């Protein structure tokens, strides 16, 4: 009989970002702390049929600086951004992939609608009579970003893509955490990537009336928790992390940023687009319980904060029901006003920001809260970046379809 293996501690040893605030973690977090926004009026795509022309594209990204002509042709933008962020994360973690067992490493990524934007031009040309190209399917399939990372670095352990809409990256990180904790493998490249900026995709979102359309100033359009909020600003990006068992990290002398300690996963089981109170509430409660913490131990919440009327008040109420009076003592920050909503990537970027806040003892502000909302009455850090001692934090991701992922992360000690 095999002896039951004890749980491993799971640590963060590398981070990489491609975001509307810049193509590095330093630029991304620096922009957040400065209260900057990467939203802008989009001029490179035809949005004449869409009610909004505002989006948040990745800033400072030039494909030719990272890939040759053949690669640019065969990689979707989601794959490109994932590879750029993965390169930074892997270099940051200082991993030598020629050493160790490649089967003990995995790629667990979240990717949801990036393939839509890549395939849109193909269908336009196809219905005009073009026969197509043989590489279109490998380019647009949802698991392409994860597969390309695996191929580029020779990682032959588990290879998975999770598509759970806006919670994809949260679940990917949570699944990787669970597998490493249980000793299934030792190291994971995880996170999320997506690009939602194409005419048809933006039009489809606009028809659901969830995009910000009344606020015409791009950098002020997304207004989480503000009474005058009217919806999402779509974006694009990638956030990639290296997670390892503590034993593996220590054996190679890796720098450790933080420790992942809990993961809560629930479903609303009620409505395809309108979140319930119970789903997010239970996910937060389960994440704190999985971490072995009391509710009073949580020092910071990185909120989902979509800027939609229903979601922000619902998330606020869920936080208050889970944390009681302690909810009013916790800084609660939403960063989608800074970087837009990049769907599968957003949870990874938010988690990276949370890890940075633990490292720096400083949280970014929630920007664009212009009118107080009596239903959103928590501490949203509206005055600017704030110094906060953070030992334990959670990061929320709540998706269309009713899927909820909450990650708990702590200062490594």
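Only one residue in 227, 209 is part of a loop (DSSP other than H, G, I, E, B) and at pLDDT 95 or above. Which one?
Just one listed residue meets the conditions, 227.
Looking at (1) closer than 24 Å to residue 313 by Cβ; (2) in contact (Cβ under 8 Å) with a residue 40 or more places away in the chain, which is the one condition that is false for residue 410?
Of the numbered conditions (1) closer than 24 Å to residue 313 by Cβ; (2) in contact (Cβ under 8 Å) with a residue 40 or more places away in the chain, the odd one out for residue 410 is (1).
For region 383-401: of the residues being part of a loop (DSSP other than H, G, I, E, B) and touching a helix residue (DSSP H, G or I) at 6+ places or on another chain (Cβ under 6 Å), which is farthest from residue 178 (Cα to Cα)?
Per the criteria, the residue is 385.
Scan region 3-45 for residues that are farther than 21 Å from residue 341 by Cβ and modelled with pLDDT under 95 and report the count.
Number satisfying all stated conditions: 5.
Here are some conditions: (1) over 18 Å from the mean Cα position of the chain (by Cα); (2) farther than 18 Å from residue 343 by Cα. Residue 212 meets all but one. Which one does it not meet?
(2)
Check whether at least one residue in region 60-75 is within 20 Å of the chain's Cα centre (by Cα) and outside any loop (DSSP other than H, G, I, E, B), and report yes or no.
Within region 60-75 (the criterion being within 20 Å of the chain's Cα centre (by Cα) and outside any loop (DSSP other than H, G, I, E, B)), the answer is no, since none of the residues qualifies.
Which one is surrounded by the most Cβ atoms within 10 Å (Cβ to Cβ) among residues in region 315-346 that are over 17 Å from the mean Cα position of the chain (by Cα) and outside any helix (DSSP H, G or I)?
331
Can you name every residue in region 182-197 that is assigned to a loop (DSSP other than H, G, I, E, B) and within 21 Å of residue 349 (Cα to Cα)?
196, 197
Only one of (1) under 28 Å from residue 243 (Cβ atoms); (2) not in a strand (DSSP E or B) is not met by residue 109, so which one is it?
(2)
I'd like the residue in region 353-382 that is in a strand (DSSP E or B) and under 26 Å from residue 13 (Cα atoms) and, out of all such residues, is nearest to the chain's Cα centre (by Cα).
Among those residues, the one meeting the criterion is 363.
Please go through (1) in contact with a helix residue (DSSP H, G or I) (Cβ under 9 Å, 6 or more places away or on another chain); (2) crowded, with 21+ Cβ neighbours inside 10 Å; (3) at pLDDT 95 or above for residue 312 and return the number of the only condition it doesn't satisfy.
(1)
It is to be established whether one or more residues within region 277-298 are buried (at least 21 other Cβ atoms within 10 Å of the Cβ), over 20 Å from residue 167 (Cα atoms) and not assigned by TED's automatic domain parsing to the domain that holds residue 155.
yes
The values are calculated or read from the model by the stated rules, or taken from the named source; none is laboratory data. Here the structure is a predicted model, which means the values were calculated and not measured. A quick note on method: Cβ atoms are made from the backbone with ideal geometry, for glycine too, and the neighbour counts reach across all protein chains shown.
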